[in-house]
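Working notes for the structure below.
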């Protein structure tokens, strides 16, 4: 059960918690080339502590020679009040339902106790989808641990400061659709997994950051991708594989021009047999670690 939940948390955060076995010392940065044209692929993690910076030097090397920084989506848009309102509307339960009516009584009591211990007003969010509440509780817990600005937000700011162009692979609406896919999971299981993982969140997040900074792509897939497949191959397809394949079209378009792009996506998208680097290699495109 713990293994499965780690896979789901990886989908939400585009990374996962790994065991403390970090043989790899590479960065999550790849150089993709076709002829004389180059695109850099770089993995991100969406929340980090200030002490987790700086990132490996390869990130700055790729950033320095790139004309455009391409993120998963428009970071300003997804952080706007308008997007927050849109998400709230999409994540509301149908009229007449609430968290207490869609969860089993024992699961609801565990959520209520957890929220009470942390002084969180559960009633204020009780009309939202259980998956959304579970993710919200996870993010709040991470913030309490000191996690804040992630790699994507940081590089969106750096690009603006450096006068570099910013691009996006997906619209905010598409991103919202991927979060909505979580609501199709069994709400009781998802909530129980979340509550269990939050007991070990400091260790899980510490291991996640270590794995991210050492570029352990194989471990990332083993403990993030494979458990997600075990839980729901459909979710794995929606959250990872389908998006990875869609991004190939963008990357090939980037490779058709002399400009250099740095494409930054969640680290789990760069791990495993269905990863972006693996799919590019299958198309005969040169891909190597920077």
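Where a number appears in this text, it was derived from the coordinates with a stated rule and is not lab data. Note that the coordinates shown come from a computational prediction; the quantities given were computed from them, not determined experimentally. Please note: Cβ atoms are built from the backbone with ideal geometry, for glycine as well, and neighbour counts cover all protein chains shown.
Points worth noting:
- Principal-axis analysis of the Cα atoms of the chain puts helix 105-117 at an angle of about 70° to the longest axis.
- With 10 Å bins beginning at zero, the pair-distance distribution over Cα atoms of segment 2-289 amounts to 6, 28, 36, 21, 7, 1, 0 %.
- Under the criterion of Cα pairs below 8 Å and six or more residues apart, the relative contact order for segment 2-289 equals 43 percent.
- Counting neighbouring Cβ atoms within 10 Å and putting the fewest first, the residues 259, 216 line up as 259, 216.
- In this simple spin-label approximation, residue 149 and residue 124 carry label points 7 Å from Cα along the Cα→Cβ vector, and these lie 2.5 nm apart.
- Distance between modelled label sites at residue 160 and residue 105, nm, 7 Å Cα→Cβ extension: 5.1
- Prolate/oblate/rounded call for segment 207-290, Cα gyration tensor, a/c under 1.5 rounded: oblate
- Alpha-carbon spread of segment 141-250, three principal axes, descending order, Å: 46, 33, 27
- Expected 222 nm ellipticity per residue - DSSP helices of 4 or more, -39500 (n - 2.57), all of the chain, to 500: -15000 deg cm²/dmol
- Helix 242-255 and the longest principal axis of the Cα set of the chain meet at an angle near 30°.
- Percent antiparallel among DSSP beta bridges (both partners in the chain, rounded to 5): 45
- Using alpha-carbon coordinates, inclination of helix 81-90 to the longest axis of the chain, degrees: 60
- As a proxy for reagent exposure, 136, 194 were ordered by neighbouring Cβ count within 10 angstrom, fewest first; the result is 136, 194.
- Prolate/oblate/rounded label for segment 194-234 (Cα gyration tensor, a/c 1.5): oblate
- Listed by Cβ neighbour count within 10 Å, with the fewest neighbours leading, 46, 269 appear as 46, 269.
- The overall shape of segment 158-211 is oblate: from the C-alpha gyration tensor, with semi-axes ordered a ≥ b ≥ c, the ratio a/c is 1.5 or greater and a/b is no larger than b/c.
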